[in-house]
Structure formats: structure tokens, C-alpha cells
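A.B. asks: Pasting in a structure now, in C-alpha cells, and then I'll have a few things to ask.
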Amino acid sequence: MKKLLPIGLALMMAACAASDKNNETETSLAKAYEKYWYTGISVNQWETASDNNPQTKDWKVIVDNFNWVVAENCMKCEVVHPEQNRYDFTLADQFVDKALSANLKVMGHCLIWHSQCAKWFHYDSDGNLVSADTLKARMKEHITTVMQHFKGRVAAWDVCNECFEDDGAFRNSLFYQILGEDFIKLAFEYAHEADPDAELYYNDYSMNKASKVEAVANFFAPLVKNGLPLTAINMQGHIILDDGAQKIISDYEHSIETIKTVGVKTGFSELDLSVLPNPYGFSGANVSDKFAYRPEMDPYIDSLPAARQLEIDQFWIDFFKMLIKNRDEITRVNFWCLNDGNSWRNDFPIRGRKDYATLFDRDNKPKPTVAKLIELVRNKQ
């Protein structure tokens, strides 16, 4: 008996380990929804760093819970192309290589964006705006170089980012000032030429607003009809809970139906949910918008009340029910920032607040929301 006991214990321990591994798989959002859509997360440069930065501990959580990743900042123009004749792919390569080694798919973000664009991109040596032909050449060279560097490693790209205002007007960016609306079409053509196998996306915020999504759809519909290589129109989804849960959900369902008329799929590229007060009726994700800190705008410094967490859970349950209903139109559901501690919502639009905008707490533990979302589709695929 004494000899059998260790063997029995070993068998029990092995069974428990196997059970734990199965439970881990079952409690992954990516695994639960794999027949519905891809489930992704944004990744910052410290999460893929090789040193002992505290955020490197996030990586296992990322690999265990998601099947797509997108770089939060390290693939943007100001990082990879800081000077006209100099590229720096150091951080971007670290990110892509680490993702591929973990069998994660990579979304490139982003090729053409008015913000975080290197300062030299639109100006000549005298400080004047460049000509249309010069900007076209710079766009093509940048897109081609970046995409061919990652060809075969990056499966999809946000080609153009945030080109419309909330009222549906074109954003008066320097790209628009020099080239007009044609810069969007040109960017997609250059991207398809650089890597014909890559999926190509348009990405924007405030896409729950009818004025904006309808303007985006009306712009792309004739271009797609004439062969523009557009895979999908992605909606960011930087949501504020106090804006009204049911209205937000119904507005996004309208947006899904509107994008469907273009003849392409849609998806959510940057989902998060702020639970903090919304100053001045602010909406969107325009990174240039900032507001002054006031204590009354930061009510959950110590902890989030249980009742507030239940509101959050119910929002995500109702939101996912809407997504499941429209699953045939959705390619990816991507969340922005892994945990509450590294979420950009702590500093935007008011710096220094304590928000609870993600699916994982500050200790990387999944919130009750995750299990509830998995339960929605358990044994229903």
C-alpha cells in the first residue's frame, strides 16, 4: 500500500493538471468564440520586451486568452519611420517575432494616420507643405517598405486610420489638405500592390454615430464596387458606460447593418469600456482632446463598487448578444489594452484617473465578465 500511494497521488495530480489545462482552454474568450470570430488584444512594447519590465508578465495572459494581437504604438510611422531616409523596425520586429512564436496572428497598425505621423512626412526642407506628387511618392515608399518588411509575417493591416470627423466630414488632416479624399484610395492601392495577400482594413472611432458611419459607408461603397481592395471596415469601440448602454448597443447594430451595404465585413478593433464620468459630454478617441483633472471626475480611486461591476457585466452580455446575432458580418473582436493597470483610459481624456476599462483587473485576473461571456456560447456552436 505504501508503494501504491505515491503512484495514486501522481495519477491524481496528473489528472488535475490535465483538468486545469482543459479549464484554461474552456475559459479563454478566443477558444469560446473561435467559430464566431477572431478575438484579439492590443500589445504594448513592454509586454514583448526581453528584460524584466513588470509588464512582461502580461505575455502569458495574452497568449492564453487571445488569438490575434495588434501593436499599440510600435508600428506607427513616428516609430518605424522617424526620418525620411531612416527606418527603425527594432520594437516592431520584437513584437511580431514574439507573437508568431506563440502562434498568434498579427494585425499591423497603422500605415496612414494623421496622428503619430513623423513630422517630416508632409514638409519639405524649407518647412513648406510638399506637393501632391511628393506626398504620393512618400506614401507609396512608406507603405511599400513597411509592408514588404513584414510580408508573410503580418496577416492584416489598418491601412487608413481616423479619416472622418464625427459629423461625417473628412478630417482636415495634412493628407487631406494636400491630396483631398484621394489619399485614402491611393493608400489602399499602394498597400495591395505591396502585399496582395494581406487583409486591408479601414479603422475609425465614434462609428456608433449614424452621421459618421453613414459617411464612411457612402465613401467606400462606390470604391469597393469598382474593385478597391478593402477587406473590412473596423469600428474602434471606445465606449463610455454612462452614455447609455442600450442606446450604444442599438447604435452599433445600426452601424453593422450600414457597413453591410458596402459589401464588406466589419469588426471591432479597439474595444474598451470606461466607467468614469464623461466630462463635457466627451465622446470618441481623438488623442488631442484633453481635460483638466478634477477629483469628482475620479470617483473610484479605492475600488470599484460591486453594483458598478454588475452594470459592466450586463453591458458586455447585452453587447455580445448583439454581436452573436450579427456574427456573419464580424471578422474580429479586438480589445484595447490587456488589464486595467495599463489601459490608456486611465490617462484619457483626463490624465491620472483610475479606470476599469478592460476585461482583466490590475493583477491580470479575469473579471467575472469573462466567464459570463463564455457562458453565453457554451455548448451552442
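The values are calculated or read from the model by the stated rules, or taken from the named source; none is laboratory data. Source: prediction; values computed, not measured. Cβ sites come from the backbone with ideal geometry, for glycine too, and all protein chains shown count toward neighbours.
Results for (1) modelled with pLDDT under 95; (2) among the β-branched types (Val, Ile, Thr); (3) closer than 21 Å to Tyr356 by Cβ, shown as yes or no for each residue.
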| residue | (1), (2), (3) |
| --- | --- |
| Leu223 | no, no, no |
| Gly227 | no, no, no |
| Thr231 | no, yes, no |
| Asn234 | no, no, no |
| Asp242 | yes, no, yes |
| Gln246 | no, no, yes |
| Asp251 | no, no, no |
| Glu257 | no, no, no |
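Residues checked against (1) assigned to a helix (DSSP H, G or I); (2) in contact with a Lys or Arg (Cβ under 8 Å, 6 or more places away or on another chain); (3) closer than 17 Å to Gly40 by Cα:
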| site | (1), (2), (3) |
| --- | --- |
| Ile317 | yes, yes, no |
| Phe320 | yes, no, yes |
| Leu323 | yes, no, yes |
| Val333 | no, no, yes |
| Arg362 | no, no, no |
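A.B. asks: So how many residues does the stretch 111-152 have that are of a type in the set (Phe, Trp, Tyr) and farther than 15 Å from Gln177 by Cα?
C.D. replies: 2
A.B. asks: Still on this model: List the number of the failed condition for Glu47; all other conditions in (1) over 21 Å from Asp195 (Cβ atoms); (2) in a helix (DSSP H, G or I); (3) of a type in the set (D, E, K, R); (4) modelled with pLDDT of 95 or more hold.
C.D. replies: (2)
A.B. asks: Take Asn339 and decide whether it is under 17 Å from Val70 (Cα atoms) and either modelled with pLDDT of 95 or more or in contact with a Ser or Thr (Cβ under 9 Å, 6 or more places away or on another chain) (or both).
C.D. replies: yes
A.B. asks: So, one more: Do you know which of the residues in the stretch 302-313 that are touching a residue at least 12 places away in the same chain (Cβ under 8 Å) and either of a type in the set (Asp, Glu) or loosely packed, with under 14 Cβ neighbours inside 10 Å (or both) is farthest from Thr266 (Cα to Cα)? Steps first, answer last, please.
C.D. replies: Going through the stretch 302-313, the residues touching a residue at least 12 places away in the same chain (Cβ under 8 Å) turn out to be 304, 308-309, 311-313.
Applying the additional criterion that residues be either of a type in the set (Asp, Glu) or loosely packed, with under 14 Cβ neighbours inside 10 Å (or both) yields 311, 313.
Working: Glu311: 26, Asp313: 24 Å.
Checked the stretch 302-313; the qualifying residue farthest from Thr266 (Cα to Cα) is Glu311.
A.B. asks: If you don't mind, another one. State all residues of the stretch 141-171 that are among the aromatic types (Phe, Trp, Tyr) and within 23 Å of Gln236 (Cα to Cα); if no residue qualifies, say none.
C.D. replies: Within the stretch 141-171, Trp157, Phe164, Phe170 meet the criteria.
A.B. asks: Of the numbered conditions (1) surrounded by fewer than 16 Cβ atoms within 10 Å (Cβ to Cβ); (2) part of a helix (DSSP H, G or I); (3) in contact (Cβ under 8 Å) with a residue 24 or more places away in the chain, Lys98 fails exactly one; give the number of that condition.
C.D. replies: (1)
A.B. asks: When you go through Cys117, Cys110 one by one, which is the residue that is in a loop (DSSP other than H, G, I, E, B) and surrounded by 13 or more Cβ atoms within 10 Å (Cβ to Cβ)?
C.D. replies: Details: Cys110 fails: in a loop (DSSP other than H, G, I, E, B).
Selected residue: Cys117, the only one of Cys117, Cys110 that is in a loop (DSSP other than H, G, I, E, B) and surrounded by 13 or more Cβ atoms within 10 Å (Cβ to Cβ).
A.B. asks: Determine which member of the set Tyr87, Tyr123 is touching a Leu at 6+ places or on another chain (Cβ under 7 Å), surrounded by fewer than 16 Cβ atoms within 10 Å (Cβ to Cβ) and either polar (S, T, N, Q) or under 30 Å from Asp133 (Cβ atoms) (or both). Quick ask: steps written out before the conclusion?
C.D. replies: Working: Tyr87 fails: touching a Leu at 6+ places or on another chain (Cβ under 7 Å).
Selected residue: Tyr123, the only one of Tyr87, Tyr123 that is touching a Leu at 6+ places or on another chain (Cβ under 7 Å), surrounded by fewer than 16 Cβ atoms within 10 Å (Cβ to Cβ) and either polar (S, T, N, Q) or under 30 Å from Asp133 (Cβ atoms) (or both).
A.B. asks: Being in a strand (DSSP E or B) and either free of Cβ contacts under 8 Å to residues at least 40 places away in the same chain or buried (at least 17 other Cβ atoms within 10 Å of the Cβ) (or both), is that true of even one residue in the stretch 282-301?
C.D. replies: No, the stretch 282-301 contains no residue that is in a strand (DSSP E or B) and either free of Cβ contacts under 8 Å to residues at least 40 places away in the same chain or buried (at least 17 other Cβ atoms within 10 Å of the Cβ) (or both).
A.B. asks: Let me ask something else. If we keep just the residues of the stretch 349-381 that are surrounded by 14 or more Cβ atoms within 10 Å (Cβ to Cβ) and of a type in the set (D, E, K, R), which is farthest from Met297 (Cα to Cα)?
C.D. replies: Lys372
A.B. asks: Sticking with this one: Taking the stretch 119-145 as the region of interest, how many residues are among the hydroxyl-bearing types (Ser, Thr, Tyr) and without any contact (Cβ under 8 Å) to a residue 12 or more places away in the chain?
C.D. replies: If we filter the stretch 119-145 for residues that are among the hydroxyl-bearing types (Ser, Thr, Tyr), which is where we start, we get 123, 125, 131, 134, 144-145.
Filter once more, keeping what is without any contact (Cβ under 8 Å) to a residue 12 or more places away in the chain: 123, 125, 134.
Total meeting the criteria: 3.
A.B. asks: Only one of Ile240, Ile233 is among the β-branched types (Val, Ile, Thr), farther than 22 Å from Tyr201 by Cβ and without any contact (Cβ under 8 Å) to a residue 60 or more places away in the chain; which?
C.D. replies: Ile240
A.B. asks: Please determine, by comparing only the residues of the stretch 260-281 that are within 17 Å of Ile324 (Cβ to Cβ) and either out of contact with any Phe, Trp or Tyr (no Cβ under 8 Å at 6 or more places or on another chain) or at pLDDT below 95 (or both), which one is surrounded by the fewest Cβ atoms within 10 Å (Cβ to Cβ).
C.D. replies: Per the criteria, the residue is Lys260.
A.B. asks: Being touching a residue at least 12 places away in the same chain (Cβ under 8 Å), of a type in the set (Phe, Trp, Tyr) and farther than 22 Å from Asn73 by Cα, is that true of even one residue in the stretch 165-177?
C.D. replies: The answer is yes; a qualifying residue exists.
A.B. asks: Quick check: anything in the stretch 59-70 crowded, with 16+ Cβ neighbours inside 10 Å, at negative phi, under 22 Å from the mean Cα position of the chain (by Cα) and not hydrophobic (A, V, I, L, M, F, W, C)?
C.D. replies: yes
A.B. asks: Residue check: is Arg362 touching an Asp or Glu at 6+ places or on another chain (Cβ under 8 Å), among the charged types (D, E, K, R), under 12 Å from Asp272 (Cβ atoms) and in contact (Cβ under 8 Å) with a residue 12 or more places away in the chain?
C.D. replies: Values: touching an Asp or Glu at 6+ places or on another chain (Cβ under 8 Å): yes; among the charged types (D, E, K, R): yes; under 12 Å from Asp272 (Cβ atoms): no; in contact (Cβ under 8 Å) with a residue 12 or more places away in the chain: yes.
No: the conditions fail for Arg362.
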